[in-house]
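Single-structure report; data block below.
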Amino acid sequence: MTDPADLQAVELLAAYRDRTLSPVEATSAVLARIARLDPRVNAFCLVDEAAALTAARASEDRWARGEPCGVLDGVPVSIKDLLLTRGWPTLRGSHSIDAAGPWDVDAPSVARVREQGGVLVGKTTTPELGWKGVTDAPRTGVTGNPWDPSRTSGGSSGGSAAAVALGMAPLSLGTDGGGSVRIPAAFSGVTTIKPTWGRVPIYPASPFGALSHVGPMTRTVADAALLLDVVSGADVRDAWALAPAAPTTAALAAPVAGLRVAASATLGYVDVDPGVAAAFESAVDVLVTLGVRVDEVDPGFADPVAAFEALWFSGAAASLAALPAQVQADMDRGLVDVAAEGARIGAVGYLKAMAVRGDLGVRMGEFHERYDLLVTPTLPITAFEAGVEVPPGWPRERWTSWTPFTYPFNMTQQPAASVPCGLVNGLPVGLQIVGPRHADGRVLALAHAFQQCTDWHRHRPPLLL
């Protein structure tokens with residue numbers, strides 16, 4: 001019999017409807033999986049077994065009456081520890097935050113999950129204040145990769161990615177300011193989408209401003225669409241949230257044959273590991289078999305890393321501005337350093353970076369008049385040693401130097417998904433699918449079609465074997 005912890009959310013819901021499985025059984029299986037495997041990877045900074053089982057029993061009663069309260073009723077969900085969650089502390093991996101709270105507010109996305117009956121099992125790890133593309137923090141330690149715990153799971157939603165990959169809840173909410181759901185998804189072999197900015201409301205506002213998105217982390221596109229639809233829509237606490245959009249779950253059935261897709265293996269400037277490049281080429285071949293019209297073409301922009309870092313480091317500076325020196329002394333040294341650099345940028349430097357961002361958005365808008373979607377590798381490398389910001393011997397010291405495929409599309413606010421597309425030396429590789437703003441459904445439709453004719457998303461980490 002299949003362990004309920006290995007089932008997707010859509011499979012759990014079908015089993016609840018058929019009365020072949022109960023929410024209590026599913027939640028108990030997830031909690032047992034956490035107890036068994038989380039000591040190996042450190043994906044969770046908080047697990048509330050009592051609250052999860054209480055919620056599961058209430059869900060079980062509703063299903064027994066034939067009255068589920070929402071589309072996630074009884075499905076276990078984890079929450080990245082940057083998102084406010086009522087009743088639990090949100091410590092962001094930092095000793096600078098007082099655990100005493102009060103913790104009486106849900107972030108909009110968390111509130112929507114709770115309203116739709118999701119069973120919250122715990123909070124997942126993040127680097128301090130979510131500032132980098134790997135997951136280690138002074139308060140919560142190092143999070144390991146589910147395929148090899150000695151390597152990084154990526155970040156900053158690394159705990160969520162590891163949890164999903166190991167069946168420690170099929171759904172997780174992550175955040176992405178420069179790749180933070182896509183990086184760990186690629187390194188950990190799971191599925192995600194960074195939606196169009198504003199589709200998922202954010203409260204409180206991120207110090208990284210309009211770079212930051214909330215997105216689902218799951219094993220399959222079907223589950224990602226389900227969770228994205230739950231958390232989308234306006235919330236009065238986010239003045240820039242978009243109006244509700246068409247459900248992406250309905251878009252998954254849309255035909256992909258005839259789509260015009262640009263395949264860019266390097267964006268014109270990225271050095272890519274040969275194994276990753278080969279996996280990407282194979283993924284593009286799969287798209288051709290789906291009837292997609294593929295052109296090998298770059299979008300035609302230079303690396304915007306300097307402008308991105310100006311924006312990102314300014315956000316770090318804002319995060320630390322009110323903290324005294326003695327508090328900063330106990331913080332991640334890299335975070336303190338980039339915050340200091342951000343404080344030196346000034347208003348003129350920030351506005352120049354915003355102008356670069358605007359030009360990039362215009363260029364990509366024009367590009368998508370010719371191409372419905374863009375595909376790239378999600379990352380140019382596979383997972384490296386855990387506990388460091390960059391691979392040993394890497395020529396640059398910041399995480400942005402090995403994530404060149406992800407942060408440009410935070411600057412442009414476009415939807416960008418990552419799906420597993422191969423293994424290189426036993427480590428996962430991701431395919432990134434990027435669409436024009438508001439084309440989240442189109443992005444997920446191609447991702448779903450890809451998963452329907454491949455099995456990379458079904459491969460399981462060695463810890464599960």
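The values are calculated or read from the model by the stated rules, or taken from the named source; none is laboratory data. Model, not experiment: these values are computed from the prediction. No Cβ is skipped: glycine too gets one built from the backbone with ideal geometry, and neighbour counts run over all protein chains shown.
All of (1) of a type in the set (D, E, K, R); (2) more than 30 Å from residue 243 (Cα to Cα); (3) without any contact (Cβ under 8 Å) to a residue 60 or more places away in the chain hold for residue 398 with one exception: (3). Whenever a residue of the range 1-26 is closer than 15 Å to residue 66 by Cβ, its partners that are surrounded by 21 or more Cβ atoms within 10 Å (Cβ to Cβ) and of a type in the set (Val, Ile, Thr), lying with C-beta atoms within less than 7 angstrom and at least six residues away or across chains, give the pairs 13/75; 23/119.
Close Cβ contacts (under 6 Å, 6 or more residues apart or on different chains) running from residues in the range 191-209 that are of a type in the set (Ser, Thr, Tyr) to residues that are crowded, with 23+ Cβ neighbours inside 10 Å and assigned to a strand (DSSP E or B) comprise 191/218; 191/419; 192/215; 192/217; 192/418.
Rundown of residues vs (1) within 20 Å of residue 328 (Cβ to Cβ); (2) crowded, with 18+ Cβ neighbours inside 10 Å; (3) in contact with a Ser or Thr (Cβ under 8 Å, 6 or more places away or on another chain), yes/no style:
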{"residue": "94", "(1), (2), (3)": "yes, yes, no"}
{"residue": "109", "(1), (2), (3)": "no, yes, no"}
{"residue": "118", "(1), (2), (3)": "no, yes, no"}
{"residue": "125", "(1), (2), (3)": "no, yes, yes"}
{"residue": "136", "(1), (2), (3)": "yes, yes, yes"}
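Only a single criterion out of (1) among the small types (Gly, Ala, Ser); (2) surrounded by fewer than 21 Cβ atoms within 10 Å (Cβ to Cβ); (3) closer than 26 Å to residue 399 by Cα is not satisfied by residue 279, namely (2). Scanning the range 212-229 turns up at least one residue that is surrounded by fewer than 24 Cβ atoms within 10 Å (Cβ to Cβ), closer than 16 Å to residue 312 by Cβ and touching a Phe, Trp or Tyr at 6+ places or on another chain (Cβ under 9 Å).
Can you report the number of residues in the range 332-373 which are over 30 Å from residue 94 (Cβ atoms), basic (Lys, Arg) and touching a helix residue (DSSP H, G or I) at 6+ places or on another chain (Cβ under 7 Å)? Total satisfying the criteria: 0. Checked against the criterion of being part of a loop (DSSP other than H, G, I, E, B), within 26 Å of residue 387 (Cα to Cα) and of a type in the set (S, T, N, Q), the range 68-86 has no qualifying residue. Residue 376 is checked against (1) buried (at least 21 other Cβ atoms within 10 Å of the Cβ); (2) assigned to a helix (DSSP H, G or I) and fails just one. What number does that condition carry? That leaves (2) as the condition not met. Scanning the range 422-450 for residues that are touching a strand residue (DSSP E or B) at 6+ places or on another chain (Cβ under 7 Å), surrounded by fewer than 24 Cβ atoms within 10 Å (Cβ to Cβ) and assigned to a helix (DSSP H, G or I) turns up just one, 442.
Name the one entry in 317, 306, 277, 340 that is out of contact with any Ser or Thr (no Cβ under 8 Å at 6 or more places or on another chain) and either assigned to a loop (DSSP other than H, G, I, E, B) or farther than 26 Å from residue 130 by Cβ (or both).
Values: 317 fails: either assigned to a loop (DSSP other than H, G, I, E, B) or farther than 26 Å from residue 130 by Cβ (or both); 306 fails: either assigned to a loop (DSSP other than H, G, I, E, B) or farther than 26 Å from residue 130 by Cβ (or both); 340 fails: either assigned to a loop (DSSP other than H, G, I, E, B) or farther than 26 Å from residue 130 by Cβ (or both).
After ruling out the rest, the residue left standing is 277.
Of all the residues that make up the range 20-36, how many are among the hydroxyl-bearing types (Ser, Thr, Tyr) and under 12 Å from residue 166 (Cα atoms)?
So in the range 20-36, the residues among the hydroxyl-bearing types (Ser, Thr, Tyr) come out as 20, 22, 27-28.
Restricting the remaining residues to those that are under 12 Å from residue 166 (Cα atoms) gives none.
Count: 0.
Out of all the residues in the range 87-121, which are out of contact with any Asp or Glu (no Cβ under 6 Å at 6 or more places or on another chain) and not in a loop (DSSP other than H, G, I, E, B)? Across the range 87-121, the qualifying residues are 88, 109, 110, 111, 112, 113, 114, 115, 119, 120, 121.
Within the range 333-384, being closer than 24 Å to residue 256 by Cα and under 24 Å from the mean Cα position of the chain (by Cα) holds for 364, 365, 368, 372, 373, 374, 375, 376, 377, 378.
In this structure, does residue 285 turn out to be touching a helix residue (DSSP H, G or I) at 6+ places or on another chain (Cβ under 9 Å), modelled with pLDDT of 95 or more and over 14 Å from residue 417 (Cβ atoms)? Talk me through it step by step, then tell me what you get.
Values: touching a helix residue (DSSP H, G or I) at 6+ places or on another chain (Cβ under 9 Å): no; modelled with pLDDT of 95 or more: yes; over 14 Å from residue 417 (Cβ atoms): yes.
Answer is no for this residue.
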